[in-house]
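The values are calculated or read from the model by the stated rules, or taken from the named source; none is laboratory data. Nothing here was measured: the structure is a model prediction, and the numbers come from that model. Quick reminder, even Gly has a Cβ in these numbers, built from the backbone with ideal geometry, and neighbours come from all protein chains shown.
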Amino acid sequence: MGISYEFKRAYSILFRVFYEKVHIEPILTSLESPFGKKSIQRITDITYGVSRHNLFLEELIKKLSKIEFRKIEKEILIILKIALYQLILNPVRPEYAIIDEAVEFTKTIGKENSSRFVNAILRKILKKPQIKKEIYSFGPPEEKLSIKYSHPLFLVEKWIKDFGKKRAEEILEENQKIPKVDILVNIKKISLKEMKDVLLKNKIVAEETDLSPAGLKIVKGNIKDLPKEVKNNFYVMDISAQSFSYLFSLFKGNAFSDLASAPGGKSLCIRLFYKFKIHISSDLFISRLIKVKKNFENFGEDIKILIQSILKPSFKEGIFDRILLDAPCSGTGVLRKNPEAKWRLNKNFFYEYKRKQKELLASALDLLCQGGLLLYITCSLEKEENEEVIFELKEELGNFEIFKEYNMKIPILNYLEPSGFIRIFPQDELDGMTGVILRKK
């Protein structure tokens, strides 16, 4: 039998993901196939599926192989992972077709001597299907969870220590689910009800959410193929991010700056709910700022953009009374959307980010006026990148305090912790996110 286009493309993408450390999403966004949408969807399923279950698949190979794992060629590992994923975790094709395709592809890339090995491994899993449960049935609890939910062991151990075993397993389980899409609707142009009706006419089902007055969760259907005039009425944005933006918009002020703006979703969301007299979005790269400006224009909004480094701002000190700092982070709250990122984390990663985040926040605070408010937010769950950044800098600078006097009742405050931090864990199809509002003394 022939080798499918989907297998070839999934192989080439995954090889780059695992060995060249590229990100999946940009590749798939521009992906085209001569065989249409179903072909693209299958490539997407395989690529994300293998990345999401990578450790589990590697443990399967170790269990099935007589060859030491580290001696298996990287090309063969990718082939085996794709085939095992389809055989065990996404069995929508005949078993013989999956095995034959993997064996034939092995030959076409010049690895004919390994084709028997590939064939043997794949046929062995059919004879011993119980192995897929056996590999996480023994050993310490942390190791079992690491393999079952395919997360690095150090991260599982860390989450159990930081959040407890129950919460840690909830995070792990949520991260293995296929993410759904949320949108921010331009409610100045179209109501949520009207938007839902438009989507329904295009065979897309959406639901409202308490967390954002302008948010819809896509329950069924694909928004990618919607007409441009429909797409211009919304912006793809997770409900968690919308809820933080909505919260900050309620603290009305005069001069607002989004200091690490691109792609500008949170800034756009804030503008949707409140218009500051001065609203400036800045970033280090013009290409990213062009996207910010385009997103605002699609919503019929104007925006001043500025190319600058937060560490070397061109503004005067104390010029803004409201600042948003969406800090670069490890992204452990959004691993469901970026599963390949799990395999690039290490124990030092969080401390490296903490150092950068402290520098950025210290510089941002210089631009904040006395009594002004700053929303510090990350898509990380880690205390190193959130609490430790704030508490250490508070001790070092002494020029700000954590804001805690919330006098409004909105759903995001259900996630407010006694420390003043708001932490949303990956749950109920929400992205994980941590934020805190600071007030300049």
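I'd like to check something: does region 152-163 contain any residue that is in contact with a strand residue (DSSP E or B) (Cβ under 9 Å, 6 or more places away or on another chain) and not in a loop (DSSP other than H, G, I, E, B)? So far as region 152-163 goes, no, none of its residues is in contact with a strand residue (DSSP E or B) (Cβ under 9 Å, 6 or more places away or on another chain) and not in a loop (DSSP other than H, G, I, E, B).
Checking each residue in region 1-45 for being hydrophobic (A, V, I, L, M, F, W, C) and either within 22 Å of THR332 (Cα to Cα) or outside any helix (DSSP H, G or I) (or both) picks out MET1, ILE3, LEU14, VAL17, PHE18, VAL22, ILE24, ILE27, LEU28, LEU31, PHE35. Inside region 73-131, can you point out the residues that are in contact (Cβ under 8 Å) with a residue 12 or more places away in the chain and of a type in the set (Gly, Ala, Ser)? Scanning region 73-131 gives ALA83, ALA97, ALA102, SER114, SER115. Checked against the criterion of being closer than 16 Å to LEU57 by Cβ, at pLDDT 90 or above and surrounded by fewer than 20 Cβ atoms within 10 Å (Cβ to Cβ), the candidates GLU104, GLU75 yield just one match: GLU75. With respect to the stated conditions, VAL292 fails to be among the hydrophobic types (A, V, I, L, M, F, W, C) and outside the structural domain of TYR406 (by TED's automatic domain parsing).
Selection over region 169-186 of residues that are surrounded by 14 or more Cβ atoms within 10 Å (Cβ to Cβ) and either among the aliphatic types (A, V, I, L, M) or in a helix (DSSP H, G or I) (or both) gives a count of 11. I want to confirm something. Restricting to region 59-72 and keeping residues that are part of a helix (DSSP H, G or I) and either crowded, with 18+ Cβ neighbours inside 10 Å or of a type in the set (Phe, Trp, Tyr) (or both), which single residue is nearest to the chain's Cα centre (by Cα)? Filtering region 59-72 for residues that are part of a helix (DSSP H, G or I) and either crowded, with 18+ Cβ neighbours inside 10 Å or of a type in the set (Phe, Trp, Tyr) (or both), the one nearest to the chain's Cα centre (by Cα) comes out as GLU59. Entry remark, region 12-58: residues being under 15 Å from PRO179 (Cβ atoms) and among the small types (Gly, Ala, Ser) number 2 in total. One residue alone among LYS224, LYS196 is charged (D, E, K, R) and touching a strand residue (DSSP E or B) at 6+ places or on another chain (Cβ under 9 Å), and that residue is LYS196. Screening GLN130, GLN176 for residues that are among the polar types (S, T, N, Q) and modelled with pLDDT under 95 leaves exactly one candidate, GLN130.
Against the definition (in contact with a helix residue (DSSP H, G or I) (Cβ under 8 Å, 6 or more places away or on another chain) and outside the structural domain of ASP321 (by TED's automatic domain parsing)), how does PRO263 come out, yes or no? Spelling it out, it is not the case that PRO263 is in contact with a helix residue (DSSP H, G or I) (Cβ under 8 Å, 6 or more places away or on another chain) and outside the structural domain of ASP321 (by TED's automatic domain parsing). Has region 215-236 got at least one residue that is surrounded by 24 or more Cβ atoms within 10 Å (Cβ to Cβ) and assigned to a loop (DSSP other than H, G, I, E, B)? No, region 215-236 contains no residue that is surrounded by 24 or more Cβ atoms within 10 Å (Cβ to Cβ) and assigned to a loop (DSSP other than H, G, I, E, B). Restricting attention to region 264-312, the residues that are in a loop (DSSP other than H, G, I, E, B) and either modelled with pLDDT of 85 or more or under 14 Å from LEU184 (Cα atoms) (or both) total 9.
Here region 302-339 is the region considered, the condition is being surrounded by fewer than 17 Cβ atoms within 10 Å (Cβ to Cβ) and basic (Lys, Arg), and the residue that is farthest from the chain's Cα centre (by Cα) is LYS316. The condition of being surrounded by 15 or more Cβ atoms within 10 Å (Cβ to Cβ) and either of a type in the set (A, V, I, L, M, F, W, C) or touching a residue at least 12 places away in the same chain (Cβ under 8 Å) (or both) holds for ILE160. The set of residues in region 144-155 that are in contact (Cβ under 8 Å) with a residue 12 or more places away in the chain and either over 17 Å from ILE61 (Cβ atoms) or among the polar types (S, T, N, Q) (or both) comprises LEU145, SER146, TYR149, SER150, HIS151, PRO152, PHE154, LEU155. Looking only at region 388-422, residues that are over 23 Å from LEU211 (Cβ atoms) and either of a type outside the set (A, V, I, L, M) or without any contact (Cβ under 8 Å) to a residue 24 or more places away in the chain (or both) come to 10 in all.
Within region 1-54, the set of residues being under 18 Å from ILE76 (Cα atoms), buried (at least 18 other Cβ atoms within 10 Å of the Cβ) and hydrophobic (A, V, I, L, M, F, W, C) comprises PHE7, ALA10, ILE13, LEU14, VAL17, PHE18, ILE46, VAL50. Has region 267-275 got any residue that is crowded, with 21+ Cβ neighbours inside 10 Å, at negative phi and of a type in the set (D, E, K, R)? Checking region 267-275: at least one residue is crowded, with 21+ Cβ neighbours inside 10 Å, at negative phi and of a type in the set (D, E, K, R). The sole residue among LYS193, LYS189, LYS144, LYS166 that is assigned to a helix (DSSP H, G or I), more than 24 Å from the chain's Cα centre (by Cα), exposed (fewer than 14 other Cβ atoms within 10 Å of the Cβ) and not assigned by TED's automatic domain parsing to the domain that holds PRO339 is LYS193. When the strands (runs of 3 or more DSSP E) confined to region 322-434 are screened for residues that are in the same structural domain as ASP283 (by TED's automatic domain parsing), in contact with a helix residue (DSSP H, G or I) (Cβ under 9 Å, 6 or more places away or on another chain) and not aliphatic (A, V, I, L, M), those reaching at least 2 such residues are found at 368-378, 400-402. All conditions but one from (1) crowded, with 19+ Cβ neighbours inside 10 Å; (2) aromatic (Phe, Trp, Tyr); (3) touching a Lys or Arg at 6+ places or on another chain (Cβ under 9 Å) apply to PHE403; the one that does not is (1).
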